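> Sending over a structure as structure tokens; questions will come in a sec.
The values are calculated or read from the model by the stated rules, or taken from the named source; none is laboratory data. Nothing here was measured: the structure is a model prediction, and the numbers come from that model. All Cβ positions, glycine included, derive from the backbone under ideal geometry; neighbour counts span all protein chains shown. Ligands, DNA and RNA are stripped out before the accessible areas are found, and what is left, the full protein with its side chains, is counted by its heavy atoms. Shrake-Rupley method; radii C 1.70, N 1.55, O 1.52, S 1.80 Å.
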Amino acid sequence: MTVRDLAQRLGAEILVEGELDRPVTAGYAGDLLSWVMARLPEGAAWLTVMGNLNAVAVCSLKDGACIVLTENASLDANAQARAGLEGIPVLRVEQGSYETAVRLAALLGEQP
Amino acid sequence: MLTLRYEVPGDDFTRAGEASSDVKRKLKQLGYNPEAIRKVAIAMYEGEINMVIHAGGGEAIVDIDPRQVHVVLRDHGPGIPDVEKAMQEGWSTAPDNVRNLGFGAGMGLPNIKKYTDEFRIDTAVGEGTTLTMTVFA
Ligand SMILES: Nc1ncnc2c1ncn2[C@@H]1O[C@H](COP(=O)(O)OP(=O)(O)O)[C@@H](O)[C@H]1O
Ligand SMILES: [Mg+2]
């Protein structure tokens, strides 16, 4: 499943396109950046409400597949610009991180 | 052997992470081992963020050779009075405005230790802090 597929399956809004064809191979949910820095798996879709510049840096440094902003969280303008530069896709959904994680888990469990 | 030098600006969160991102990019270009790149990026980013949050900025010097990446992060901030405490997961003196940004979980120094092969803190109250870390290729 690519980031593009994920966006479609979640009915997510695409705020930043970036590398939409990257495969999503894992998931992670969390808002404390140092925690995420320690734990985010490579290739993960990262569910969070943190739409700031540092979140983009964390996703990029950890090689996450994309950021999924949950609960309609906002994306700062400078974060949007940086995500574009770094090719990090940013999606947005209305549901919370818990509900989104449940759906993501089901999607990741499907055969390709 | 390649040496890179960066100024890490104090109190500017929008620029925190620039040095580690640049090092990551350069290591990729050099075809460095991806796991080593990941370790360097994480450890250096945490150190950089600490210099911004706790020390008013500083400098980073990175030596790259085929066997290892050696990083020195030096600041002239307040220093760390109790290093043992600072090394504990969850221990933090970060102010609320920093926590609102998602930092201040007290995981930075433990993360650095976890992701480096060698790590050392030299610090003196009122003088500053120097982190020295090595990641083997
Ligand atoms: N460069 C530094 N200068 C002064 N104090 C520091 C520095 N780095 C870390 N510290 C101290 O060590 C504590 C723990 O650091 P860390 O594990 O990175 O957690 P956090 O940055 O989330 O507070 C900090 O809260 C701070 O008190
Ligand atoms: Mg820290």
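> Which value in Å is the Kirkwood Rh of the range A:11-112 over different Cα pairs?
13.1 Å
> What ranking of B:46, A:71 comes out by heavy-atom accessible area, probe 1.4 Å, highest first?
Output order, biggest surface exposure first: A:71, B:46.
> What accessible area, in Å² to the nearest ten, does a 1.4 Å probe give for residue B:122?
Around 60 Å² of this residue is reachable by solvent.
> Comparing A:68, A:58, A:24, which has the greatest mean-square fluctuation in the GNM of chain A with Cα pairs linked when under 10 Å apart?
Result: A:58 has the largest fluctuation of those listed.
> Another question about this same structure. Starting from the Cα of residue B:61, step 7 Å along the direction of its Cβ; do the same at residue A:21; then give the gap between the two resulting points in nm.
Going from the residue B:61 label point to the residue A:21 one covers 4.4 nm.
> With a 1.4 Å probe and all protein chains kept in place, how do B:136, B:13 rank by accessible area, largest first?
Ranked from most to least accessible, the order is B:136, B:13.
> So how strong a dipole does the range A:3-107 carry about its Cα centre when Lys and Arg Cβ are +1 and Asp and Glu Cβ are -1, to the nearest 20 debye?
In total the dipole reaches around 140 debye.
> Still on this structure, please answer the following. Please find the FRET efficiency linking residue B:137 to residue B:22, where r is the Cβ-Cβ separation and R0 is fixed at 22 Å, and quote it to the nearest 0.05.
About 0.75, to the nearest 0.05.
> Additional query: Report, as an integer, the average count of C-beta atoms from other chains found within 10 Å of each Cβ along A:32-43.
6
> Other chains near A:49-62: what is the mean number of their Cβ atoms within 10 Å of each residue's Cβ?
Whole-number average of other-chain Cβ neighbours for A:49-62 is 5.
> Sorting A:39, A:22 by accessible area (1.4 Å probe), largest first, what list results?
Most to least solvent-accessible, the answer reads A:39, A:22.
> How far is helix B:34-55 tilted, in degrees, relative to the longest principal axis of the Cα atoms in chain B, given as a value from 0 to 90 rounded to the nearest 10?
30 degrees
> Cα centroid distance between the range A:47-112 and the range B:121-137, in Å?
Result: 33 Å between the Cα centres.
> Tell me the carbon and sulfur percent of the accessible area for chain B, rounded to whole percent, probe radius 1.4 Å.
48 percent
> Considering only A:35, A:45, A:8, whose Cα is most displaced toward the positive end of the charge dipole of the range A:1-48, charges sitting on Cβ of Lys, Arg (+1) and Asp, Glu (-1)?
In the range A:1-48, that residue is A:35.
> For the charge dipole of the protein assembly as shown, defined by +1 on Lys and Arg C-beta atoms and -1 on Asp and Glu C-beta atoms about the Cα centroid, which residue among B:131, B:95, A:78 has the Cα displaced farthest towards the positive pole?
B:131
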